[in-house]
Each structure stands twice: as C-alpha cells, then as structure tokens.
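The values are calculated or read from the model by the stated rules, or taken from the named source; none is laboratory data. Keep in mind it's a predicted model, so treat the numbers as computed, not measured. Neighbour counts run over all protein chains shown; Cβ positions are idealised from the backbone, glycine included. To get the accessible areas, we keep the full protein, side chains included, count just its heavy atoms, and leave off ligands, DNA and RNA. Shrake-Rupley method; radii C 1.70, N 1.55, O 1.52, S 1.80 Å.
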Amino acid sequence: MKFLQKTIEKFDPLFEKGGKYEKLYPLFDGFKTFAFVPEHTAHTGAHIRDGIDLKRTMITVVLALVPALIFGMWNVGYQHYLALGLAGEMSFIDNILFGAVKVLPMVVVSYGVGLAIEFGFCIYKGHQINEGYLVTGMLIPLIMPVDLPLWMLAVSVIFAVIIGKEVFGGTGMNILNPALTARVFAFFAYPTYMSGDKVWINTATKEGQSVVDGFSGATALGDLANAGTTQYSAMDMFMGFIPGSVGETSTLMILIGAFILILTGIGSWKIMFAGVLGALAMGGIFNVFAEYAISPEQQAFMAVPAWQQLILGGFAFGVVFMSTDPVSAAQTERGKWIYGFLVGFFAIMIRVFNPAYPEGIMLAILLMNVFAPLIDHYVVQANIKRRMKRAQVQTANA
Amino acid sequence: MQELINIFAKAVFVENMIFAYFLGMCSYLAVSQTVKTAVGLGAAVIFVLGITVPINFLLENYVLQEGALAWLGPQFETVNLSFLSFIMFIAVIASMVQLVEMIIEKFAPALYGALGIFLPLIAVNCSILGGALFMQERAYSNITQASVFGLGSGVGWFLAIVAIAAIREKIRYSNVPAPMRGLGITFVITGLMGIAFMSFMGIKL
C-alpha cells in the first residue's frame, strides 16, 4: 500500500495547478481517491455524521450486484447449452466460462463508454469526477438481453449518460434513473433486439450462425403475457433457471443483494417493502377481477397468483436496485411509501394490460421517477401545514 | 359505466394531451416554474375543457353537422354548416375563458396575478381546441361521453404540468450546463417524461 501511495504521489506535481497535465487533474484525482482517502478537507461548515461517502455507497451497491452478475453469467451459459441440448454434459465451469465470454464485454463496453463521457465532462467543466457511474455502469449490462450488439449498448449508454444525466448537471441531479434510461432507449430504438422470444438465449455455435432453427426462448413473463401459460415452474423462476436479461432472472440472488443493501442502510427498505405491497395489491385485484378480462390470454395472466408476479421477469431486480436509487426516487420518508407502492402497482398493471410491453417494471419506475418530485412536494407541504397548525394551537393555548 | 371509465383513463394516460400529442405546449412550458401556479393553470384548463367540449358537442350535433338542423323543420335537413366548426368552437372557447378569467380575478387575485397573460391565452391553447376537434373526429355518441373525455383530457394536462413544475422546482439547484438552462432543459425533461408515459401506449381499453 505504501509503495502504491508513493508511486501515485510522485505524479502529483504533474497534475497540480501549473503542472503539465493540469487539465487532466479530475481524472488523476478520481483514480487517486479511489484508492486512498482524499487529503483535501471541506473549508466551510461541513458536519460529518458518518465515515461513508459517495464512493463507498456506490461500491456497496456494486458489491450487492455481484451475486446477480455471477449467477447471470452462469445462466447465460446454462441457457445456451440447454438450447443446444448439451446441458447435461456441461459442468458449472463450462457454463460460467461461456457466460463470462458473453457478459464481460458488455460490462467493459458499458464502463468504458460511460466513464469516457464522464471524464470528458469533468475535464470540460473542471470539477471532480462523480462516482455515480460506478453503479449505472454495472446495472446496464445486467438489464440487457445477452445478444444485444455491443454498439447498441454503447449508443444507449451515451444517450443515458448525456441526456439522462449530464445535461442536468451530473450525478445526483438526474430525474430519471440513468440505467433505466439506457434500457428504455434501447427498448424503443431497437425493439427487435430487446423483446420477443429470440433474443434472450444465445443459440449460436459460431458468430451469426444459429444451429437451432426456430428455437423459441421466450421469457416466462413473455409466455404469460402472450399465451397465458409458461413451461417454467415457480421454483425455476425463483432460482432463476429461466431465460431473461442477464442479471434479472434469479430472485434468490437479488434477495441477497437486497439483504446487503438493507443491512448497510444504502437501499431504502421502505421503497422495497412498499413496492412488494403495491405489486401484491394489484395482483390481488387482478385475481379477483380476472373474469372481466377482454381475452382468454389476459384472463389467464390476470389469474396468476399475486405472489408469483413478484418472481416473474425483472420485477425483483427493478424494485431492489432501480426504484431505490436515492437520486431519482422520492426523498421524503412518507413519500417513499407512496412512491414504492405506486411502482409495484403500476408495474403489474402495465405488465398485464399492455401486451406490447410485458416488462412493466421498467416503465413503472420511470413513470414514478417523473412523479417523485411531485410526491415530495406535497409531503413537504403537508408537513408544513401540520406544523403550522401545531404552532398555532400552542400559541393559542399559551 | 365501464365505457366512461375507459374514455377517462384513455384521455388521462394513453392519449395524454402533452405526452402523446404535444398539444398546449406554450403555457405548459411558460407557467411551470412553480407547483402552485401550475396547479392554478391546470385547474383552469380542466374547467375550460370540461365545459367547452360538451358545449361544442351540442353545437356540433344540433347546429353544425350535416342534417343537424333537422329539428328546425324538414326544409333544413340538407343544410351543412360544418365549414363553420372551427370559428364556432373558438368562439365558445374564448367566451368560456373570459368567464374563467373573471371568476379567478374575483376569487383568487394572487393566482390571477401569477398566471398573468397565460390565463387569457388559454383561449388559444391548442389542447382546448384540440379537445373539441378530437371530440368531433372520434364522434362520441352522447354528451356524457363528450364531457368525460373533456374532463379526462384536462386532468391529463393538469398532471403533466404539475409533474414538470415539481421537477423544475427540484432542478433549480442543479448545475445545468449554461446553454441548456431554462427552456432547453425543460424540453429535455418533457422528452424524458414522454418516454416514461409511453408505458401506456398500446393499452387497449
């Protein structure tokens, strides 16, 4: 460690004011504070309550994502060999290796493109590097189908970082969750690569060559939305042995992540809990009113037990990792309950009612991101009103 | 009853005036600085839409349409006044806006001051005329449906302007790049909100 610090400090003069690479200081500083505690302190009235800072917060979320990532890699390989009919012969390592070859380039492209833009903006604006992209860069590959061409991934990342975040002034200012902005952009710009039943499993032996002609690898959610039934059991869906976006399939791994987030206090348990409540409420309403559906498929989907909606599709992933994003979620405590509940509520509603977009959770979270400031505004106003009343009562009594 | 609920939900979410048709953008962009004034203008638009659409519906069905004047006598059965529909709709809208203006000036002078020129300008707000023309085009079968559609469109517009006002209040502290400040960032936000509202597109009711 000492050696590393010495090496880094050797470069200090190059980047400081008047140095050769003065313009690149944010870049240098970003890497330096990544390894060591920053040496500059606040000059004005800062009140430190905790040793935690933005970087540590972000890294905790990335750690919470690791189980889902590793399982995602394994599942990519597993689904691939399953489609080829070789699942029995392949070992755990084979599956993971195949998945890693597919997934790691996505991670690299996502981080590479996103961080390059962030660095560019930092140097242009002359402020320090924001750590916000650490989490976004990890989330984006996890919510994309495995066969998405890498350039599409790159374009989505560029859109999300520039339009979703940098135009608002960078980390902490965005109104929509940047990772979801990337996904929604890809979803509407390249729909054939983002939905349907061909994109979720890699069935090619070599590049561009599909051995299994006409193989249908719809997700359990897609099956239910289109036909009302699925071949996968609830246990499979919970464990994650189903086709889907890279990191979203396994509810179990997501629960581990949720546990880490709640334990460290980084993700709001209120939002997660309220989201589950909202989904159960909507699922329950659908169960009761299933007979009023407009088509037999929709009726079958509406009759899916409410608890099963929780393990279908990306719901768990969205509620745990996306809706709890502290920037774009509601920020008042009571607002979090309302926000979370509506996320779950709308997610199931869009999923069932809108045949075009079975993945309701993505659009539900974006929708509630839009309304989160409004919820906060009214919660704050209600607080002001209540306290005014209390103050008036006290003065009247005194 | 279910029909009415469907029309209402469709007008609010699926065919939102702002996010699906981008109608009524001028006052939407100009009066969305604070939630309070946005609520005022939004309520005024709900009121105007909720009144003008049914009135225009009556006008359309009993005066303007071909054969609509049949109730006057058999000799009027072939009269077709539909070339007058634009001007008649606008006249109705303008008079209703006058009414709203007088009511607000009397009962909420502060709001009247805050809304300024944009209150009389509701008369030329495209979402209001748009509401009347959509009503004509979609040929709602009775006046209840028309008024529910008008109210729904108004509520959708209200939601949109109040939501963006809250967002603009929030980003007041953001370090938005200088060229994007003001209207630029508002357009970007509107686009992003439009993407979020696309979740309802394609829902069949």
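Conditions tested, residue by residue: (1) in contact with a Lys or Arg (Cβ under 9 Å, 6 or more places away or on another chain); (2) touching a residue at least 24 places away in the same chain (Cβ under 8 Å); (3) of a type in the set (Val, Ile, Thr); (4) open to solvent by 50 Å² or more (accessible area, probe 1.4 Å).
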| position | (1), (2), (3), (4) |
| --- | --- |
| A:SER250 | no, yes, no, no |
| A:MET253 | no, yes, no, no |
| A:GLY257 | no, yes, no, no |
| A:GLY265 | no, no, no, yes |
| A:ILE271 | yes, yes, yes, no |
| A:GLY278 | no, yes, no, no |
| A:ILE285 | no, no, yes, yes |
| A:TYR292 | no, no, no, yes |
| A:PHE301 | yes, yes, no, no |
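Quick one: B:GLY156 ticks every box in (1) open to solvent by 10 Å² or more (accessible area, probe 1.4 Å); (2) under 24 Å from A:PHE188 (Cβ atoms); (3) within 22 Å of the chain's Cα centre (by Cα) except a single one, so which number is it?
Result: B:GLY156 fails condition (1) only.
Yes or no, residue by residue, for (1) open to solvent by less than 50 Å² (accessible area, probe 1.4 Å); (2) modelled with pLDDT of 90 or more; (3) within 15 Å of the chain's Cα centre (by Cα):
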position: B:ASN6; (1), (2), (3): yes, no, no
position: B:ALA20; (1), (2), (3): yes, no, yes
position: B:GLY24; (1), (2), (3): yes, no, yes
position: B:LEU29; (1), (2), (3): yes, no, yes
position: B:SER32; (1), (2), (3): yes, no, no
position: B:GLY40; (1), (2), (3): yes, no, yes
position: B:PHE47; (1), (2), (3): no, no, yes
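Rundown of residues vs (1) at pLDDT 90 or above; (2) under 19 Å from the mean Cα position of the chain (by Cα), yes/no style:
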site	(1), (2)
A:GLY240	no, yes
A:SER250	no, yes
A:ILE260	yes, yes
A:GLY267	no, yes
A:ALA281	yes, no
A:PHE289	no, no
A:ALA293	no, no
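Quick grid of which residues meet (1) more than 24 Å from B:GLY50 (Cβ to Cβ); (2) of a type outside the set (D, E, K, R); (3) touching a Gly at 6+ places or on another chain (Cβ under 6 Å); (4) at the interface with chain A (Cβ under 9 Å from one of its Cβ atoms):
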site	(1), (2), (3), (4)
B:GLY156	no, yes, no, no
B:ILE161	no, yes, yes, no
B:GLU169	yes, no, no, yes
B:ARG172	yes, no, no, no
B:PRO177	yes, yes, no, yes
B:LEU192	yes, yes, no, yes
B:GLY202	yes, yes, no, yes
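For segment B:130-140, state whether one or more residues are surrounded by fewer than 22 Cβ atoms within 10 Å (Cβ to Cβ) and in contact with a Gly (Cβ under 8 Å, 6 or more places away or on another chain).
Scanning segment B:130-140 turns up at least one residue that is surrounded by fewer than 22 Cβ atoms within 10 Å (Cβ to Cβ) and in contact with a Gly (Cβ under 8 Å, 6 or more places away or on another chain).
Say we look at segment A:187-202 and pick out the residues that are at pLDDT below 70 and open to solvent by 40 Å² or more (accessible area, probe 1.4 Å); which of these is nearest to A:ASP147 (Cα to Cα)?
A:LYS198
Where residues in segment B:179-189 are more than 9 Å from every other protein chain (Cβ to nearest Cβ) and under 18 Å from A:GLY170 (Cα atoms), which of them is surrounded by the fewest Cβ atoms within 10 Å (Cβ to Cβ)?
B:PRO179
Can A:PRO373 be described as at the interface with chain B (Cβ under 8 Å from one of its Cβ atoms) and farther than 19 Å from A:SER195 by Cβ?
yes
Check A:VAL167, A:VAL155 and return the single one that is more than 17 Å from the chain's Cα centre (by Cα) and within 14 Å of another protein chain (Cβ to nearest Cβ).
Checking each option against the conditions leaves just A:VAL167.
Tell me yes or no: at least one residue of segment A:283-298 is of a type in the set (D, E, K, R) and within 14 Å of chain B (Cβ to nearest Cβ).
Initially, segment A:283-298 is screened for residues of a type in the set (D, E, K, R), giving A:291, A:297.
Subsequent filtering for residues that are within 14 Å of chain B (Cβ to nearest Cβ) retains A:291, A:297.
Checking segment A:283-298: at least one residue is of a type in the set (D, E, K, R) and within 14 Å of chain B (Cβ to nearest Cβ).
Restricting the search to segment B:154-180, which residues are in a loop (DSSP other than H, G, I, E, B) and either touching a His at 6+ places or on another chain (Cβ under 9 Å) or closer than 18 Å to B:MET25 by Cα (or both)? Spell out how you get there, then give the answer.
Filtering segment B:154-180 for residues in a loop (DSSP other than H, G, I, E, B) gives B:174-177.
The answer is B:ASN175, and nothing else.
Across segment A:166-190, what is the number of residues that are in contact (Cβ under 8 Å) with a residue 60 or more places away in the chain and not charged (D, E, K, R)?
So the count comes out to 12.
Among the residues of segment A:68-86, which ones are part of a helix (DSSP H, G or I) and hydrophobic (A, V, I, L, M, F, W, C)? Walk me through how you get there before you give the answer.
Looking only at segment A:68-86, we keep the residues that are part of a helix (DSSP H, G or I), and these are A:68-84.
Those that are part of a helix (DSSP H, G or I) and hydrophobic (A, V, I, L, M, F, W, C): A:ALA68, A:LEU69, A:ILE70, A:PHE71, A:MET73, A:TRP74, A:VAL76, A:LEU82, A:ALA83, A:LEU84.
Six or more apart or on different chains, Cβ atoms under 6 Å: show the pairs whose first residue is in segment A:127-138 and touching a residue at least 40 places away in the same chain (Cβ under 8 Å) and whose second is part of a loop (DSSP other than H, G, I, E, B).
These pairs meet every condition: A:ASN130/A:GLY170; A:ASN130/A:THR171; A:GLY132/A:THR171.
Would you pick out the residues in segment B:60-119 that are charged (D, E, K, R) and buried (at least 16 other Cβ atoms within 10 Å of the Cβ)?
Selection gives B:GLU60, B:GLU101.
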